[in-house]
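The values are calculated or read from the model by the stated rules, or taken from the named source; none is laboratory data. Because the structure is predicted, anything quoted here is derived from the model rather than measured. Cβ placement follows ideal geometry from the backbone for every residue including glycine, while neighbour counts extend to all protein chains displayed. For accessibility, only protein heavy atoms count, side chains too; no ligands or nucleic acids. Shrake-Rupley method; radii C 1.70, N 1.55, O 1.52, S 1.80 Å.
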4 protein chains.
Amino acid sequence: MVYPNATHTRFAHALGAMHLMDTALQSLVAKGVIQLSEKTFEAALLAALLHDIGHGPFSHSLEGNILPYPHETITYALLELLEVDLGDLSETRAILQGQHPLPYLCELIQSPLDVDRLDYLVRDSFFTGVQEGIVGTERLIHTLTVTPDNHLAIEEKGLASVEKFILARRFMYWQVYLHKTVLAAEILLQKWYALWVAQEGPLLPLNSLSKNAPPSKELLMAFMELDDTTLWALIRAGAQHNHLPLRLLSKALLQRVLFKIHWGHPSLQDYHSWEAQIPPLLHPEAKNFWVEGKAYSSTYEPSPAHEIRLFTKKGEVLLLSEVAPWLVAAGPIEKTYWGYLSAASLESLLQSP
Amino acid sequence: MVYPNATHTRFAHALGAMHLMDTALQSLVAKGVIQLSEKTFEAALLAALLHDIGHGPFSHSLEGNILPYPHETITYALLELLEVDLGDLSETRAILQGQHPLPYLCELIQSPLDVDRLDYLVRDSFFTGVQEGIVGTERLIHTLTVTPDNHLAIEEKGLASVEKFILARRFMYWQVYLHKTVLAAEILLQKWYALWVAQEGPLLPLNSLSKNAPPSKELLMAFMELDDTTLWALIRAGAQHNHLPLRLLSKALLQRVLFKIHWGHPSLQDYHSWEAQIPPLLHPEAKNFWVEGKAYSSTYEPSPAHEIRLFTKKGEVLLLSEVAPWLVAAGPIEKTYWGYLSAASLESLLQSP
Amino acid sequence: MVYPNATHTRFAHALGAMHLMDTALQSLVAKGVIQLSEKTFEAALLAALLHDIGHGPFSHSLEGNILPYPHETITYALLELLEVDLGDLSETRAILQGQHPLPYLCELIQSPLDVDRLDYLVRDSFFTGVQEGIVGTERLIHTLTVTPDNHLAIEEKGLASVEKFILARRFMYWQVYLHKTVLAAEILLQKWYALWVAQEGPLLPLNSLSKNAPPSKELLMAFMELDDTTLWALIRAGAQHNHLPLRLLSKALLQRVLFKIHWGHPSLQDYHSWEAQIPPLLHPEAKNFWVEGKAYSSTYEPSPAHEIRLFTKKGEVLLLSEVAPWLVAAGPIEKTYWGYLSAASLESLLQSP
Amino acid sequence: MVYPNATHTRFAHALGAMHLMDTALQSLVAKGVIQLSEKTFEAALLAALLHDIGHGPFSHSLEGNILPYPHETITYALLELLEVDLGDLSETRAILQGQHPLPYLCELIQSPLDVDRLDYLVRDSFFTGVQEGIVGTERLIHTLTVTPDNHLAIEEKGLASVEKFILARRFMYWQVYLHKTVLAAEILLQKWYALWVAQEGPLLPLNSLSKNAPPSKELLMAFMELDDTTLWALIRAGAQHNHLPLRLLSKALLQRVLFKIHWGHPSLQDYHSWEAQIPPLLHPEAKNFWVEGKAYSSTYEPSPAHEIRLFTKKGEVLLLSEVAPWLVAAGPIEKTYWGYLSAASLESLLQSP
């Protein structure tokens, strides 16, 4: 809704991540740093290909809403279903869950240097045209190495490349992922979904859900049937619904009428002066057209489990947070925001057929 | 279904065409070749923005099927509806219909050098990664000029650029638009649609249609409600339909099981040996899974109305077909093809849930 | 002197050609189309790296002038000198001279599809910014194959790529290599060199040259000492020379005062009206400031020895001239030109210190 | 000597800087932020075009050596000579010297956001292929603005772009400008020049130089006659010189035999073990083949005079060092190094003809 050319798909991202995994492992093998059986190599490729299959319609925007699990949990559950056709996937699962005996394989999937980020940064830069996210992926991958205790690391000479990579992600959050209009569209969708569920019930039979158990096979199969087009069909239906706020938010999505977003905290007066302007019949439902929240992205916040290592020619392992503390000093991007559908927008939505 | 990153939209293309129209007219004004009132300038921009609004779901693939008119006719009819909101669009309509007193405006919309082609070639090259279609658009636009009788022309020094442009389109047809797998997907969709209509009737109430009249307002409004997601919802429904061939083609689309395409003409034996292999219960319906056809694209076939002009420094108008007859000699791309859903594909579709 | 960023070097071109040879051979080996001993592989790389070492200062512009042999002859002679250090180069020489038992190796060096052209087209496009020369080198190389009788060929599916490649070269000649200002600079240099030799004798002791023998070792060593900077030093010296025309042409080079070039044939009146304007003291030397000539580049002119082959899946060998006769029809680019240093240019050169 | 394609010239850089100045000023005028007379506009373009004319052969590597002034002093002095032909250049001089009444003009020439850096970062990235230096110049320029007191600033929304720009420069220093092999080549040249002067005297008649005066016109004219080719001629002459160390360093340059560089401080033992290996006849001259030094580049070290300003929508001026202190925290790049021509290199130089 912001970058008209950014219509690239999760499928393409999955292919890209697998391709980068392939390139990275081949490079490490060619350097003589690792040896891998064909089976393990294939398990790693599969892990990259499947790392996001647990995502549903509109992915992050509705994650945990349609099916109340993080997408990783759903991914792991889907692996079991896939085993019926593909045979044993235990090694792939171990890589995805961070439990493989070769930690660098897990780190290529989930760490500050994983193939997920390497792919999406470049892909999103390309399709949005935002040059700040461009990363010299090829060079970065060719400076990857593995420490004696099997952790992923960067050769010392790759320091600048990895600094660049951390910062590229920061810039993409700043300019794309946390862009005001991107937020505005996400908020509208989430508000819409909450209203839909309140009126029509959840998309899936969640009552069968037992708190601590993973999703059942039936639930997973039903979840897999859903995609963006399913939701767009509901949004179209919503535009004819007899519940007024749901009708308005549905039309807002169809007509790309978005929340107006401001950074910071609203004053009480901000709220009242907005409320005073909107059509009186909407006053009881005003909360559906008003939002307050916080957006967040880390730059580089290392933890013992997730720290980028540098491997020197002398065989030392250095930690990026010590070599380049300024990356940590750059701190996270944190944006408090508030917003609303303007009085004029609401009027026009009320009047449109 | 062939180039996973080629998910760009008609909306982006319309923005692009308008941008190129803007660039071209500004360049011509800056050169002192033309003068334009603000009103006419805006009409030309609108014409570029709206030139494709008559396209429906899956555009060219189903053009004339859902609503039995060429997309241009629908575009002109939609202009009338738009006039309710936007006011008089007669100048925009004149440009789109090739009847404006300044022919170069019409030629920028519809001719071998129009902004439509200039945009889609570059856009499709970018998103497919097929470099053969890359065109130096900027340079081409800056060599545009207008002849004394108000026809669009290229300055003589732009000859190489325009030759390159004609050939880039040829290469894109060869490598993308008439790619075997692209054809295979298109054929599958068309076969599916024919079956759907045979079983469920047309998507729109076409019985109200009178042969020689343009589409009614009601029909247009209904047509505008349709988009790709509407059809994907029907395809999903088709996968549960009790008509076996419709069910199979629906699943084929959902599972990306495509026709196998061969160039050339099939022998009778080709047909019989295929038929002998497919499951006997499909024999009565075999024609739904078999196709013969012809794909075609011109390279440069000038007609009096559509000829690229070169304008020399001395003020002569030359015709591209005379200056570069080899472009005409390159001839059209014409591909006769035949194909089928293979026995194995049909088996697997029969068995999938 | 025309494209200020086109300062790339023959050294970089040689590295590039060797890199493409490496890529092409590795691709052919990986496809299982050829097998090569390490020794032959290395000989092919060396052939690509060394294919242009026979070029002297300003390469093509002064080829045959400084040392009266084509650059290939000099290359072969230099190979003998190199053998002192590098050992036997007979296989490299066979490849360069077109006499290797595996003709495809020779064709990768010298044919319409050789690594020389593949490199210089892309390199020159990149550094001049002229997009028309961009070629999908990677794809082209990956469709290379070898026929049963060991000739280089393109897989049938690569037809469009090879058509594109032929035309890219045509466009580069049109827009760069035969650009008016490029010609103007080349002519100036050649005129200057002729004058210098007339006044100061040849740069090398050519009197020792016997007609039918190759250049002596001493001559070669002296030739190798020369580079562009040697000639620029002479041009600077020429600007102080007491021979007036030489002084003027030297200054013209240093101050980038170029010939004015027209396409076509001059009339007698063109000459006389120019001569009438130039300073009378230059009349006796007018021929140094006037030029007539012809520039030429083929598009695709196949000969039995130099024909691009297509290799079909069925194992047939097709000739490009039969499959795409329009490429032959496109014909060569042939430009007759004439030109001069203008009266104003000559005046200003006369007056500059 | 490191990146074979990085043969771009100072002339191209000067054109580029002028082009960016043009783009920046046009953008500021179009925004209504500034108004400029045609005369001042032209003075600013000239300042950008001429900002580096004080550089001599090999520019920074020999700056202050051939003519003992910083290149800026020479630039100012050359402006006076140019005034003979070009007329009054006082406004151009004021901009170059930081004394123009409109400080933003001076800041576009010399500040952390000047057109010099904007051009060379992108140019050097392009020609070396080091992607880390790529900057979204266009976007950066379009977020430029001017504060009420006429200082250059960036609109608040350009913060990410300017952060990216600062860091791109850091990366280019890390990967290109302070690359070990780049340093090695620079050191070799400087050592060579010192030896040449010791043996043959300075290139220019510096004895006429009076300490506190600017260079005389004669000296400037002589300086302008020198270029890289002049020095390469001397280097060739040096290879035949009877002074052994000069001869060796000359050959080293011609044969690209470079110093071996280590980061850090050498131990006394490092020195002695090297000295023990080199040919005894070179012991007395060992210091010519050994080097210790320090390379340095700031990241963002603001001073009152050189601070990047951000201009908010509310009209506040913020300082980049306060908004993004982590850029200051990133600190300078400082590399202590030592190195030598290896014993093997020296042997081979001794033996080569």
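Observations on the structure shown:
- A count restricted to the range C:159-188 and to residues that are more than 10 Å from chain B (Cβ to nearest Cβ) and touching a Lys or Arg at 6+ places or on another chain (Cβ under 7 Å) stands at 2.
- Looking across D:Arg117, D:Arg139, D:Arg123, D:Arg170, one residue alone is under 23 Å from A:Ala168 (Cβ atoms), within 22 Å of the chain's Cα centre (by Cα), open to solvent by 40 Å² or more (accessible area, probe 1.4 Å) and among the basic types (Lys, Arg). It is D:Arg117.
- Top-ranked residue in the range B:333-353 [being modelled with pLDDT under 95 and open to solvent by 60 Å² or more (accessible area, probe 1.4 Å); ranked as farthest from B:Gly293 (Cα to Cα)]: B:Pro353
Residue-wise test of (1) touching a Pro at 6+ places or on another chain (Cβ under 8 Å); (2) charged (D, E, K, R); (3) open to solvent by less than 20 Å² (accessible area, probe 1.4 Å); (4) under 22 Å from C:Glu218 (Cβ atoms).
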residue	(1), (2), (3), (4)
C:Leu28	no, no, yes, no
C:Phe41	no, no, no, no
C:Pro57	no, no, yes, yes
C:Leu82	no, no, no, yes
C:Gln97	no, no, no, no
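- Remark: pairs (first residue in the range A:195-216, closer than 17 Å to A:Tyr76 by Cα; second residue at pLDDT below 90 and open to solvent by 50 Å² or more (accessible area, probe 1.4 Å); Cβ separation under 7 Å; 6+ apart in sequence or on different chains) = A:Ser216/A:Ser208.
- Scan the range B:1-19 for residues that are facing chain A (nearest Cβ under 7 Å) and either among the small types (Gly, Ala, Ser) or more than 17 Å from the chain's Cα centre (by Cα) (or both) and the total you get is 3.
- Applying the set (1) out of contact with any helix residue (DSSP H, G or I) (no Cβ under 7 Å at 6 or more places or on another chain); (2) open to solvent by less than 20 Å² (accessible area, probe 1.4 Å); (3) of a type in the set (A, V, I, L, M) to B:Leu102 leaves exactly one unmet item: (2).
- Extreme residue, farthest from C:Gly129 (Cα to Cα), among residues of the range B:143-158 that are within 13 Å of chain C (Cβ to nearest Cβ) and open to solvent by 20 Å² or more (accessible area, probe 1.4 Å): B:Glu156
- Listed by first and then second residue, the pairs with beta-carbon distance under 9 Å, at least 6 apart or on different chains, first residue in the range C:331-343 and within 14 Å of another protein chain (Cβ to nearest Cβ) and part of a strand (DSSP E or B), second of a type in the set (Val, Ile, Thr) and open to solvent by less than 40 Å² (accessible area, probe 1.4 Å), are C:Ile333/C:Thr299.
- Of all residues making up the range B:210-256, the number that are outside any helix (DSSP H, G or I) and aromatic (Phe, Trp, Tyr): 0
- Per-region count, the range B:276-290, residues open to solvent by 60 Å² or more (accessible area, probe 1.4 Å) and among the hydrophobic types (A, V, I, L, M, F, W, C): 2
- Scanning the range D:236-275 for residues that are of a type outside the set (D, E, K, R), more than 18 Å from D:Glu186 (Cβ to Cβ) and either open to solvent by 80 Å² or more (accessible area, probe 1.4 Å) or within 14 Å of chain C (Cβ to nearest Cβ) (or both) turns up D:Ala237, D:Ala239, D:Gln240, D:Asn242, D:His265, D:Leu268, D:Gln269, D:His272.
- The lone criterion from (1) touching a residue at least 40 places away in the same chain (Cβ under 8 Å); (2) within 14 Å of chain B (Cβ to nearest Cβ); (3) under 30 Å from C:Leu152 (Cα atoms) left unmet by C:Val328 is number (1).
- Of everything in the range D:20-39 that is assigned to a helix (DSSP H, G or I) and in contact with a Leu (Cβ under 9 Å, 6 or more places away or on another chain), the residue that is farthest from the other protein chains (Cβ to nearest Cβ) is D:Leu28.
- Those residues of the range B:85-129 which are hydroxyl-bearing (Ser, Thr, Tyr) and in a loop (DSSP other than H, G, I, E, B), in sequence order: B:Ser111
- Within the range D:126-136, tally of residues that are closer than 29 Å to D:Lys313 by Cβ, surrounded by fewer than 20 Cβ atoms within 10 Å (Cβ to Cβ) and not aliphatic (A, V, I, L, M): 0
- Restricting attention to the range A:138-154, the residues that are closer than 27 Å to A:Gln99 by Cβ and outside any loop (DSSP other than H, G, I, E, B) add up to 8.
- Among residues of the range A:111-137 that are without any contact (Cβ under 8 Å) to a residue 40 or more places away in the chain and away from every other protein chain (no Cβ under 12 Å), those with a Cβ under 8 angstrom from a residue that is hydrophobic (A, V, I, L, M, F, W, C) and open to solvent by less than 10 Å² (accessible area, probe 1.4 Å), sequence gap 6+ or separate chain, pair up as A:Asp114/A:Leu108.
- Check on D:Val84, without any contact (Cβ under 8 Å) to a residue 12 or more places away in the chain, within 14 Å of chain C (Cβ to nearest Cβ) and of a type in the set (A, V, I, L, M): yes
- When A:Arg309 is tested against (1) within 27 Å of A:Val2 (Cα to Cα); (2) touching a strand residue (DSSP E or B) at 6+ places or on another chain (Cβ under 6 Å); (3) open to solvent by 30 Å² or more (accessible area, probe 1.4 Å); (4) away from chain D (no Cβ under 14 Å), only condition (1) is not met.
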